[in-house]
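A.B. asks: To start, I am sharing the structure in question, which I have written as structure tokens.
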Amino acid sequence: MKNEWENRNVFITGGTGLVGSWLIKALVRRKSKVIVLVRDINYQTQFYRDCDYLKTDIINGSLENYNLMKRIINEYEVKTVFHLGAQTIVGAAYRDPLQTFESNIRGTYHILEACRAHQDFVKQIIIASSDKAYGIADRLPYTEDMKLAGCHPYDVSKSCTDLLAKTYYHTYKLPIAIARCGNIYGGGDLNWSRIIPGTILSLLKNERPVVRSNGKYIRDYIYVKDIVEAYISLAESITSINISGEAFNFSTESRNNVIEIVNKIGELMQKKELEPQILNMQLKEIPEQSLSSKKAHELLGWHSEYDLDTGLKETINWYKKYLNLR
């Protein structure tokens, strides 16, 4: 069977992040020629620690530099773009909305405009949106036909990302598909303020995990390896079944509140006695979110392969190895 990814020039923004680092591994295995945009060199990230940087072409710079984006697309004759780069921390967006808007909104239209300028050879563009783009909805689960209505800084930045992608499809017919995902977790996430890596770190240190909210916020949690396969499937489908301009939800369709996640990690790590500290200091966040993945099941044939227990076990083992613990 022909490997359509072999020798394909693939540009990834956000390559040192959680999803990007696993996506790079998947594409290197498929023998793609991977170009990675790196803003900050952090040798603690999986991308550097696993020496994946030696298997890629690295461009240092930021999404806000349009001329750089255009040069990368042109000089590397990029065929596939995975735009994952963004400021992804809700708390950071709350504290500094301007930086979030610059990265997430300006960065997105720079990528899209660079692709438009060279759309003779760009064949696939995957835009990473989020369930946050939907905002607070009258009904759940979210489906792709629902309006985008973010209210708070991070949520609005993802609504705009999504709408910009649709603009470039409808106006310029760029080969774009949009991924809206729930809360992605897995090894490689070094944002310790997030509930899963933060809880694992606390329990490994024999400390009580900290829950900043009231613990009742409901989310869909999905393992990073499922999302990598979703992104690759989405890119392939742009070519094979022409889903350009479409958005897809990716979710396990299982809902958990924060306390349930913390308790599950405690159970898997055999540290249930370390009960969480509930600070009840949540910022401006959506109380309840869940996604329907029916469209992805039916059109892409995509299904999640990891349930919560399996994904969390792999994640816990990753952090034990990362922190040199047994």
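Values quoted throughout were computed directly from the atomic coordinates according to the rules given, and no laboratory measurement underlies them. Predicted, not measured: the structure shown is a model, and the values here were computed from it. Note: ideal-geometry Cβ built from the backbone for every residue, glycine included; neighbour counts use all protein chains shown.
A.B. asks: Given springs between every Cα pair under 10 Å in a Gaussian network model of the chain, which of Ser290, Ser157, Ser202 has the largest fluctuation?
C.D. replies: Highest fluctuation among the options: Ser202.
A.B. asks: So what are the three principal axis dimensions of the range 67-131 from its Cα atoms, in whole Å, longest to shortest?
C.D. replies: 40, 25, 15
A.B. asks: Per the helix-only calculation at 222 nm, which mean residue ellipticity applies to the chain, given -39500 (n - 2.57) for every DSSP H run of n ≥ 4 and division by its residues, nearest 500 deg cm²/dmol? Please list the in-between numbers first.
C.D. replies: Values: 11 runs with 121 residues, N = 326.
Helix contribution divided over all residues of the chain: -11000 deg cm²/dmol.
A.B. asks: Moving on. At a temperature of 25 °C and a viscosity of 0.890 mPa s, determine how fast the range 238-321 diffuses translationally according to Stokes-Einstein, using the Kirkwood radius over alpha-carbon pairs as Rh; express D in µm²/s, rounded to the nearest whole number.
C.D. replies: Values: Rh = 16.0 Å.
Rounded to a whole number, D works out at 154 µm²/s.
A.B. asks: Enumerate the amide H contacts of Ile184 below 5 Å, restricted to partners 5 or more residues apart or on another chain; note that Pro and chain-start residues carry no placed amide H.
C.D. replies: Here the answer is Ile222, since their amide H atoms fall under 5 Å of that of Ile184.
A.B. asks: Given all pairs of different Cα atoms, what value in angstroms does the Kirkwood hydrodynamic radius of the chain take? Can you show the working numbers first?
C.D. replies: Values: mean 1/r = 0.0499 Å⁻¹.
For the chain, the Kirkwood estimate is 20.0 Å.
A.B. asks: When averaged across all projection directions, what area in nm² does the alpha-carbon convex hull of the range 157-257 cover?
C.D. replies: Details: hull surface 31.4 nm².
Quarter of the Cα hull surface area: 7.9 nm².
A.B. asks: Quick check: pseudo-label points 7 Å beyond the Cα along Cα→Cβ at Ala92 and Asp120, how many nm apart are they?
C.D. replies: The two pseudo-label positions are separated by 3.8 nm.
A.B. asks: Taking other Cβ within 10 Å of each residue's Cβ, how do Asp120, Asp57, Asp162 sort, fewest first?
C.D. replies: Numbers: Asp120 7, Asp57 13, Asp162 24.
Listing Asp120, Asp57, Asp162 from fewest to most nearby Cβ atoms yields Asp120, Asp57, Asp162.
A.B. asks: Which order results if Trp192, Trp318, Trp22 are arranged by neighbouring Cβ count within 10 Å, fewest first? Present the calculation step by step, with values, prior to reporting the outcome.
C.D. replies: Working: Trp192 11, Trp318 18, Trp22 24.
With the fewest neighbours first, Trp192, Trp318, Trp22 line up as Trp192, Trp318, Trp22.
A.B. asks: Using the structure shown, list the pairs from Lys123/Lys225; Lys158/Lys313; Lys225/Lys271; Lys205/Lys271; Lys25/Lys295; Lys158/Lys216 with a Cα-Cα distance above 18 Å, or answer none.
C.D. replies: Lys123/Lys225; Lys158/Lys313; Lys225/Lys271; Lys25/Lys295; Lys158/Lys216
A.B. asks: Let me ask something else about it. As an exercise, use a Förster radius of 41 Å and the Cβ-Cβ distance of Asp307 and Asp57 to find the FRET efficiency, rounded to the nearest 0.05.
C.D. replies: Details: r = 36 Å, r/R0 = 0.89.
Working from the Cβ atoms, E equals 0.65.
A.B. asks: Spelling out what I want: for every residue of the range 296-308, take phi, set θ = phi - 60°, compute 6.51 cos²θ - 1.76 cosθ + 1.60 (Karplus), and round to whole Hz; glycine and proline get x.
C.D. replies: Each residue of the range 296-308 in turn: 5, 4, 6, 8, 9, x, 8, 9, 5, 9, 10, 7, 4 Hz.
A.B. asks: Collect residues whose amide H, placed 1.01 Å from N in the peptide plane, falls under 5 Å from the amide H of Leu174; neighbours closer than 5 in sequence don't count.
C.D. replies: When sequence neighbours closer than 5 places are left aside, the close amide H contacts are Tyr169.
A.B. asks: Still on this structure: List the relative contact order of the chain as a percent without decimals, with contacts defined as Cα pairs under 8 Å and 6+ residues apart. Don't skip to the end; give the middle numbers.
C.D. replies: Values: 630 pairs, mean separation 55.5, N = 326.
It rounds to 17 percent for the chain.
A.B. asks: List the residues, sorted by chain then number, that are 5 or more residues from Gly85 or on another chain and whose placed amide H is less than 5 Å from its amide H.
C.D. replies: Answer set, sorted by chain and number: Thr13, Gly14.
A.B. asks: Express the C-alpha Rg of the range 202-267 as a ratio against the empirical globular expectation 2.2 N^0.38 Å, rounded to two decimals.
C.D. replies: Details: Rg = 17.1 Å, N = 66, 2.2 N^0.38 = 10.8 Å.
Normalised Cα radius of gyration, the range 202-267: 1.58.
A.B. asks: Continuing with this model, one more query. Measuring from label point to label point, each 7 Å out along Cα→Cβ, what is the Leu140 to Asp50 span in nm?
C.D. replies: Calculated label separation equals 3.1 nm.
A.B. asks: For the range 1-53 and the range 186-204, write down the distance between their C-alpha centroids in whole Å.
C.D. replies: With the range 1-53 and the range 186-204 each reduced to a Cα centre, they are spaced 22 Å.
A.B. asks: Work out the charge dipole of the range 129-259 with +1 on the Cβ of Lys and Arg and -1 on the Cβ of Asp and Glu about the Cα centre, then indicate which of Tyr231, Leu203, Ala149 is farthest towards its positive end.
C.D. replies: Going by the charge dipole, the pick is Leu203.
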